[in-house]
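The values are calculated or read from the model by the stated rules, or taken from the named source; none is laboratory data. If you're wondering where the values come from, they're calculated on a predicted model, not measured in any experiment. Here the Cβ positions follow ideal geometry from the backbone for every residue, glycine too, while neighbour counts run over all protein chains shown.
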Amino acid sequence: MTDPQGFDRGLTNYGDRDFARFLRRSFARSMGISSNLLSKPVVGIAMTPSEFNNCHRHMGELVEAVSRGVLAAGALPRAFPTTSLGEVFLTPTSMMFRNLMAIDTEEMVRAQPMDAVVLIGGCDKTIPAQLMGAASANVPAIQLAVGPMMTGRHRGQRLGACTDCRSFWARFRGGGVGAEEIAVVEQRLAVTTGTCAVMGTASTMACIAETLGISLPGTAAIPAVHSARLLAAEESGRAAVALIGNKLRPDQIITLKSVENAFRVLMALGGSTNAIIHLTAIAGRVGVRIPMDRLNAISDETPVLVDLKPVGEGYMEDFFAAGGVGAVLRELRPLLHLDTIDVEGRTLAQRLDEPLEWVDRSVIRPFDDPVSTVGGLIALKGSLAPEGAIFKRAAATPALFESEGRAVVFEGLEDLSDRIDDPGLDVTPNDVLVLKNAGPHAAGMPEAGYLPIPKKLAQAGVKDMVRISDARMSGTAFGTIVLHITPEAAIGGPLAAVQNGDRIRLSVKNKSIDLLVPETEIRERLKNFASPPVPPRGYQALYRRSVLQASEGCDFDFLTAK
Ligand code: FES
């Protein structure tokens, strides 16, 4: 007997299968679907429009284009909504809701009758959540990114969210930009639909999806407003129908080898630190784990090839015009696993055998003339982070790579905002700013790791300092910043023991971060440590009880593959 297809899949259980089928078809008729289409395979389209998500403003036309492709290939498209996460519209942080969206996506893909699914996402947490959900549902799936924004213009300068948001705000804090100008800049930073215009988390994750092989080749970097984005959507619809025939499932595409390729591309992009957490969580859904030593080996072997903000100069529209992910993959070819399979059933070797039309070498450098000879991100370990921390060396100040300083401690986010600009704050440019209690358990792990330079130092011209925390950092941010310290302070990690005046040593050469306090003293300070209470109800209670540390992707313990 062949497996049921389309609307005959997963019938509602009333104890009478024929009645369930009859009832479902009757209700499908109320949507005006013909008998002919009712007999076709079904492609679900997981759509994520929301008026709280500016990056997905053009979702409607993408859904329409995917539907066109599905119909043209002889199947029935069915769009359905899932949770949408607009990065800057969520409190305490969108990160807390990535797992909620992943559960929503997984369950709706599994529960509804579809033979394949096209997942449309883009804003920071949405592609990770969709890939986590798709990997667990393991229904044939294609990821379609909404695409990046175009840049705006301000007094002859190109502006792109959100690296330029940060640099202008830093200049405003330092007194170099006035209130009137910052109000004008506010209108010019995010001028079209689409995801942030630089190689932040959203674009990094779109490039990772293309590298994994779960998005169509050449699609990650197409600007949101470009007609090619609609063609990519139509083509994704067609490819989803072909996928039904191929029976290729996410766990055949997301494998140890494709995840290693994705980590390599992440390094070559100088991509977002957040991508490490998300890729770890996606891989965890299919039982793949990349140890920190392997991550560092990949980083040390892989040059940064892409000259884009926040690390370099260009914007995503330049990356698209320069050749996109395909050009990067071709440069990295000798380092990649070439036998991975993509959604079209081709090996990476077959994909890369196709010639590229042109590559702009000012944006995507050749392997032997890189932006930097080593990868953008490394993992650190040491007495302050026994289970690891992440450092974006590509976005840091090399003069601070080997440094030791006095800790200036903030106990949490409130304490940070209350005191960072206090003129009486005892701080010098050589100190280490320490933020505690911003990890997954304490606060949902917000992007608070980009601690502002204290106002009095910013006004004196200080541009960077060593800053450390158990928080994350926006993919669009930059600085000498140690993130994701694990275990976090709120579960009694050594970070909880740091006191003002302690010495902290960062060594990029040794990939270490150490609290220079005797171990016995650290233990003594933590003797009476107690974690904050679990919230009494709802999703926040589930989150606190189940969330794993950053080194495990911050997934829920009951969602990872056994
Ligand atoms: Fe959506 Fe940056 S706010 S990608």
Go through region 319-375 and give me each residue that's of a type in the set (Asp, Glu) and in contact (Cβ under 8 Å) with a residue 40 or more places away in the chain. 331, 339, 342, 344, 360
Can you give me the number of residues within region 518-546 that are within 22 Å of residue 468 (Cβ to Cβ) and in contact (Cβ under 8 Å) with a residue 40 or more places away in the chain? 4
Condition check for residue 77: at pLDDT 95 or above and either basic (Lys, Arg) or in a strand (DSSP E or B) (or both): yes
Scanning region 280-290 residue by residue, those part of a helix (DSSP H, G or I) and basic (Lys, Arg) turn out to be none
Looking at region 9-31, can you tell me whether even one residue there is surrounded by 20 or more Cβ atoms within 10 Å (Cβ to Cβ), within 24 Å of residue 244 (Cβ to Cβ) and either touching a residue at least 60 places away in the same chain (Cβ under 8 Å) or among the small types (Gly, Ala, Ser) (or both)? no
Output the residue which, of all residues in region 489-510 that are part of a strand (DSSP E or B) and either hydrophobic (A, V, I, L, M, F, W, C) or without any contact (Cβ under 8 Å) to a residue 12 or more places away in the chain (or both), is nearest to residue 397 (Cα to Cα). 506
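Go through the residues of region 46-59 one by one and say whether even a single one is within 27 Å of residue 288 (Cα to Cα), away from the ligand (no atom under 16 Å from the Cβ) and surrounded by 21 or more Cβ atoms within 10 Å (Cβ to Cβ).
First, the residues of region 46-59 that are within 27 Å of residue 288 (Cα to Cα): 46.
Keeping just the survivors that are away from the ligand (no atom under 16 Å from the Cβ) gives 46.
Then keep just the ones that are surrounded by 21 or more Cβ atoms within 10 Å (Cβ to Cβ); that gives 46.
So far as region 46-59 goes, yes, one or more of its residues are within 27 Å of residue 288 (Cα to Cα), away from the ligand (no atom under 16 Å from the Cβ) and surrounded by 21 or more Cβ atoms within 10 Å (Cβ to Cβ).
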Given (1) over 28 Å from residue 61 (Cβ atoms); (2) modelled with pLDDT under 95, residue 266 misses just (2)
Scan region 511-552 for residues that are closer than 27 Å to residue 401 by Cβ, part of a loop (DSSP other than H, G, I, E, B) and within 27 Å of the chain's Cα centre (by Cα) and jot them down. 511, 549
Taking residue 419 as meeting all but one of (1) without any contact (Cβ under 8 Å) to a residue 40 or more places away in the chain; (2) within 21 Å of residue 518 (Cα to Cα), write down the number of the exception. (2)
Just checking, does region 240-258 include any residue being closer than 25 Å to residue 359 by Cα, out of contact with any strand residue (DSSP E or B) (no Cβ under 9 Å at 6 or more places or on another chain) and not charged (D, E, K, R)? no
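From 467, 472, grab the single residue that is of a type in the set (Lys, Arg), buried (at least 19 other Cβ atoms within 10 Å of the Cβ) and outside any loop (DSSP other than H, G, I, E, B).
Numbers: 472 fails: outside any loop (DSSP other than H, G, I, E, B).
It is 467.
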I need a count of the residues in region 395-445 that are of a type in the set (Gly, Ala, Ser), surrounded by 19 or more Cβ atoms within 10 Å (Cβ to Cβ) and in a loop (DSSP other than H, G, I, E, B). 4
Cβ contacts < 9 Å: first residue in a loop (DSSP other than H, G, I, E, B), restricted to region 47-70; second residue surrounded by 16 or more Cβ atoms within 10 Å (Cβ to Cβ) and of a type in the set (Lys, Arg), any location; separation 6+ or different chain. Result? 49/57; 51/57; 58/229
